[in-house]
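Where a number appears in this text, it was derived from the coordinates with a stated rule and is not lab data. This is a predicted model, so every value here is computed, not measured. Neighbour counts run over all protein chains shown; Cβ positions are idealised from the backbone, glycine included.
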Amino acid sequence: MTFRTDSVEPGRDDYDLARLLVWERGFAKYNADPEADLLRRVHKLFTEDEHRRALDYLAASEQDTDRLSTIEASLDEDTTSDTAWLVGQLRTAWARLDELRDRIDNSGTLIDLHYMAEGISYVRGSRVQNELRDTVR
């Protein structure tokens, strides 16, 4: 099976392509052979370049904790460098992102937006939390 030669919708950005790929993965899981169905759907909708771009976009959102641990180990006892500070900030950001993703996942299929919004506002230091704090004053 080959990819499309021309785009179905030219000009789509990587985010749109990744969103469409995730959407198609969701439909494929209901088929008796989900892998084959996903391949059929992908080849029907994407050019090879679009598929690569979508996969790259999705891969960029994965947390590379092993690499971060390697960087941390190379710092030894140095806790005052900019690199040490950045590693700490990244670990904190990833923890907050995981909390947000858990809130979204636990919202259910209809997504209770109030529950999800609470998850965002509870993330310490978020813009939403700061705006809520400023409106209460």
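Listed values, structure above:
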quantity	calculated
Cβ-based net charge around Ala28, under 10 Å, with every Lys or Arg adding one and every Asp or Glu removing one	0
Neighbourhood charge, 13 Å Cβ-Cβ cut-off, centred on Ser61 and excluding it, Lys, Arg +1 and Asp, Glu -1	-3
Proximal charge balance of Thr47 [Cβ under 12 Å; K/R count +1, D/E count -1]	0
Amide H contacts of Phe46 (H built 1.01 Å from N, under 5 Å, at least 5 apart or other chain)	Arg4
Chymotrypsin sites (Phe, Trp or Tyr not before Pro) within the range 1-79: DSSP coil, no more than 11 neighbouring Cβ in 10 Å	Tyr30
